[in-house]
Amino acid sequence: MLQMTDIQKIYRTELVETHALRDMSLAVTEGEFVAVTGPSGSGKTTFLNIAGLLESFEHGTFMLDGKDVSHLSDDDRSIYRNEKIGFIFQSFNLIPDLNLFENVDVPLRYRRLPASDRKQRIHNALETVGLASRMNHLPAQLSGGQQQRVAIARALAGEPRMLLADEPTGNLDSTMAGQVMELLEDIHASGTTIVMVTHDPILAERADRNIHLIDGQVSGHSVACAREEILQAAQA
Amino acid sequence: MFTYNVKLAIKSMRRNPMMTTLMVAAIAVGIGISMTTLSVYYMMNGNPIPEKSDKLFAVTLDSWGAIRPFDDDRPERAPHQLPYQDAERLAGLAVGKRQAAMFESSLIIEPANDEEMPFEATARVTTGDFFAMFNVPFIYGDGWDRSADAAAEPMVVLTRQLNERLFGGEDSVGKWVTMNSTRFQVAGVIDTWEPTPRFYDPINGGFQEVNEMFIPFSLTRVLELDSIGSDWGWKAEEITSFDQWLNSEASWIQYFVELDADRDEYLAHLDAYVGEQKKLGRFERPMNNNVYDVMEWMEYHEVVANDSRVLLGLSFLFLVVCLLSTITLLLTKFIGKKSETSLRRALGASRTIIFRQQIVEVAVIGFAGGLTGLLLTSFGLQGIQYLYESPPGLVRLDWVIMSTAIAIAIICSMVAGLYPAWRVCQVPPATQLKAQ
């Protein structure tokens, strides 16, 4: 699904060069649930930006869903991003004056789908996250957990090949965070590839595999134990 | 996508009502000022009779003396009015489809009701062809025919307003009006007719109101009607009687002809006529006869002054200043939308899509500014009408002006929005993630 080889990303200002990723190589197979961890400044967000085709990079090769996307134009990256990737952000990023239906509709609008198709997809996505009955509400009328579920519905509506989640429970209390994680696990169980950036080791352990980044490089991999064991550890 | 963008634009405008109001107001004031000026210019410069302006011709003959031309600054120009004797003869020859000799006069009306005082009213003294030539609309009756012209019958055609005053607005055809101690029979009553400019008489004012009534040209001699319009003369002539005045070289009659044929054919007729007159010792200057169609005649008399063009230019400069203010406001507004733009980019919107969305938004703002500007234009035109006491027809807001105002507002706003829209679509899609 995702194959990065020797990716190098440098941020330049007039005074300083910052090497955010240093010849980083990693792969995510189809259907995997991968957690990316690491300390602040390790390059997690840069990795996610590049994986989500939000940023270009200086050097290396990036294959996404079997296609080399290393040198796509800005417009082509937008199209590919819209079709293949769903984003879930830490602070939900819903547009405040659009209701839930309209928020979920945003990425579908850019795909130029027929209205009936869009309506069906939006309804299904909101049904999946349990908010179909509140599609005319504004984001401000929902709790944080509900808002994140709307953001997940928005990511799901486009039927993406891969979900990229950046600290998806970072702004939620533990109860809501648990609900959101269960939702992501259900989505993963239905076959969607998920790449999640997180600081939280307990959440990371719930993924199939952890990738640890330090100084813009992969420092190690670990395969998660059985989910039941993790839940028991969390409860303990 | 366009409808979606319009919907987003309206939501965006509601999000920041104060800034939206300022932008709409800036455009509206610019549009209001420029459209008020443009409306007046357009009315002054418009074709008052487009259906036949190329078939109606004002006639000039160079009857001036040999020593100096009629106009020292433009020696190629002949006097723009004719001596009475020439107008009378040309009308009698009746070459061309129709012809109208005319001048302005005034008569004292003696109302039938003894309680009402006599009053003065202006009259256009002209030939019966005037009404058909200039497409004058009638509510009752019609003009008089050529036999009435020939017989100098005391007929009168009233305007709607004068008919209202004299007969309470009823059908007065066949009734009698006493003027200058002569009984005139009403031949017809015209409907409201305010050609702008008053193309058939720019000499006495292109934006004057239509005279209150019309009477036959042939009555001039019978009733010894004086002109209240302009007259010019070059020859020291002893004039002790009205007949001597009519046979003098003074130029005071305006003459129009309607032609179906080529104007050269009519010019040949004029040259032949003047050739005959030269044999009688008149027309001392070289042959210089001309005909001007309606728009040429407006240009000849500079009905639209150069000052109006300068004012029009200045008002559009003011619109530019208003648009520059709008650009500043748009930049501020669009910078405030950075996070939403970045999110939309992350969710798959290309730069082109974002650019289009912003342009549609400024077009909607422009549309709102245009509508408000039209309201201001309407107030502006009413102000002009009040200040200058201009005829009602001069300052109307028609569909051409309204659609022009909206189009200018939208196009100018879109042009003003190009740079801010370009700036906003440069927002990188990653900003949202980095903000975490």
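Among the residues of the range B:180-194, write down those that are at pLDDT below 95 and either hydrophobic (A, V, I, L, M, F, W, C) or in contact with a His (Cβ under 6 Å, 6 or more places away or on another chain) (or both).
B:Trp193 - this is the single residue of the range B:180-194 that is at pLDDT below 95 and either hydrophobic (A, V, I, L, M, F, W, C) or in contact with a His (Cβ under 6 Å, 6 or more places away or on another chain) (or both).
On the given criteria, is A:Leu64 within 11 Å of another protein chain (Cβ to nearest Cβ), surrounded by 14 or more Cβ atoms within 10 Å (Cβ to Cβ) and among the aliphatic types (A, V, I, L, M)? Working first, answer last.
Details: within 11 Å of another protein chain (Cβ to nearest Cβ): no; surrounded by 14 or more Cβ atoms within 10 Å (Cβ to Cβ): yes; among the aliphatic types (A, V, I, L, M): yes.
No.
It is to be established whether one or more residues within the range B:256-271 are hydroxyl-bearing (Ser, Thr, Tyr) and in contact with a Ser or Thr (Cβ under 9 Å, 6 or more places away or on another chain).
Taking the range B:256-271 and keeping what is hydroxyl-bearing (Ser, Thr, Tyr), we get B:266.
If we keep only those that are in contact with a Ser or Thr (Cβ under 9 Å, 6 or more places away or on another chain) too, we end up with none.
No, because not a single residue in the range B:256-271 is hydroxyl-bearing (Ser, Thr, Tyr) and in contact with a Ser or Thr (Cβ under 9 Å, 6 or more places away or on another chain).
Within the range B:246-266, identify whether any single residue is closer than 20 Å to B:Val136 by Cβ and in a helix (DSSP H, G or I), and answer yes or no.
The first filter runs over the range B:246-266 and keeps only residues closer than 20 Å to B:Val136 by Cβ, leaving B:253-260.
Among the residues that remain, those that are also in a helix (DSSP H, G or I) are: none.
Checked the range B:246-266: no residue is closer than 20 Å to B:Val136 by Cβ and in a helix (DSSP H, G or I).
Quick check on this structure: which one of B:Glu153, B:Glu194, B:Glu237, B:Glu164 is in a loop (DSSP other than H, G, I, E, B), free of Cβ contacts under 8 Å to residues at least 24 places away in the same chain and of a type outside the set (Val, Ile, Thr)?
Working: B:Glu153 fails: free of Cβ contacts under 8 Å to residues at least 24 places away in the same chain; B:Glu194 fails: free of Cβ contacts under 8 Å to residues at least 24 places away in the same chain; B:Glu164 fails: in a loop (DSSP other than H, G, I, E, B).
Every option except B:Glu237 fails the conditions.
The rows are residues; the columns are (1) more than 25 Å from B:Ala66 (Cα to Cα); (2) under 27 Å from the mean Cα position of the chain (by Cα); (3) of a type in the set (Gly, Ala, Ser).
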| position | (1), (2), (3) |
| --- | --- |
| B:Leu270 | no, no, no |
| B:Tyr273 | no, no, no |
| B:Leu280 | no, no, no |
| B:Asn290 | no, yes, no |
| B:Asp293 | yes, yes, no |
| B:Glu296 | yes, yes, no |
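Anything in the range A:182-211 that is assigned to a loop (DSSP other than H, G, I, E, B), of a type in the set (Val, Ile, Thr) and crowded, with 22+ Cβ neighbours inside 10 Å? List them, or say none. Spell out how you get there, then give the answer.
Here is the first cut: in the range A:182-211, the ones assigned to a loop (DSSP other than H, G, I, E, B) are A:190-192, A:198-200, A:206-208.
Filter again for of a type in the set (Val, Ile, Thr), leaving A:192, A:198.
The one that is assigned to a loop (DSSP other than H, G, I, E, B), of a type in the set (Val, Ile, Thr) and crowded, with 22+ Cβ neighbours inside 10 Å: A:Thr198.
Please list, ordered by first then second residue, the pairs with beta carbon atoms under 7 Å, 6 or more apart or interchain, first in the range A:65-78 and closer than 11 Å to A:Gln3 by Cα, second modelled with pLDDT under 90 and surrounded by fewer than 11 Cβ atoms within 10 Å (Cβ to Cβ).
Within 7 Å, no pair qualifies.
How many residues does the range B:330-358 contain that are more than 14 Å from chain A (Cβ to nearest Cβ) and crowded, with 21+ Cβ neighbours inside 10 Å?
Initial filter on the range B:330-358 (more than 14 Å from chain A (Cβ to nearest Cβ)): B:330-335, B:358.
Of the ones still in play, those that are also crowded, with 21+ Cβ neighbours inside 10 Å are B:330, B:333-334, B:358.
Number satisfying all stated conditions: 4.
Tell me, yes or no, whether the range B:268-287 has at least one residue that is within 14 Å of chain A (Cβ to nearest Cβ) and β-branched (Val, Ile, Thr). Outline the logic, then answer.
If we filter the range B:268-287 for residues that are within 14 Å of chain A (Cβ to nearest Cβ), which is where we start, we get none.
Scanning the range B:268-287, I find no residue that is within 14 Å of chain A (Cβ to nearest Cβ) and β-branched (Val, Ile, Thr), so the answer is no.
Given B:Ile354, B:Ile335, which one is over 24 Å from the mean Cα position of the chain (by Cα) and modelled with pLDDT of 85 or more?
On the way: B:Ile335 fails: modelled with pLDDT of 85 or more.
Answer to the check: B:Ile354.
Rundown of residues vs (1) within 14 Å of chain B (Cβ to nearest Cβ); (2) within 21 Å of B:Gly348 (Cβ to Cβ); (3) not hydroxyl-bearing (Ser, Thr, Tyr), yes/no style:
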residue	(1), (2), (3)
A:Leu21	yes, no, yes
A:Ala27	no, no, yes
A:Gly31	no, no, yes
A:Val34	no, no, yes
A:Gly41	yes, no, yes
A:Thr45	yes, yes, no
A:Ile50	yes, yes, yes
A:Glu55	yes, yes, yes
A:Gly60	no, no, yes
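Those residues that are within 22 Å of B:Pro202 (Cβ to Cβ) and either without any contact (Cβ under 8 Å) to a residue 40 or more places away in the chain or of a type in the set (S, T, N, Q) (or both), I need them from the range B:78-101; list them, please.
B:Gln81, B:Gln99
Just need a number here: residues in the range B:267-297 that are in a loop (DSSP other than H, G, I, E, B) and acidic (Asp, Glu). Spell out the reasoning first.
Within the range B:267-297, the first condition is being in a loop (DSSP other than H, G, I, E, B), and the residues that meet it are B:280-289.
Next, from what is left, pick out any that are acidic (Asp, Glu): B:284.
Going through the range B:267-297 one residue at a time, the tally reaches 1.
If I ask for residues that are more than 17 Å from B:Asn289 (Cα to Cα) and buried (at least 22 other Cβ atoms within 10 Å of the Cβ), which ones from the range B:64-101 would you list?
Listed by number, the list holds a single entry, B:Ala100.
Of (1) surrounded by 18 or more Cβ atoms within 10 Å (Cβ to Cβ); (2) of a type in the set (A, V, I, L, M, F, W, C); (3) not in a strand (DSSP E or B), A:Leu15 satisfies all except one. Which?
Failed condition: (1).
The values are calculated or read from the model by the stated rules, or taken from the named source; none is laboratory data. Note that this is a predicted model, so its numbers are computed, not measured. Ideal geometry is used to build each Cβ from the backbone, glycine not excepted, and the neighbour counts take in all protein chains shown.
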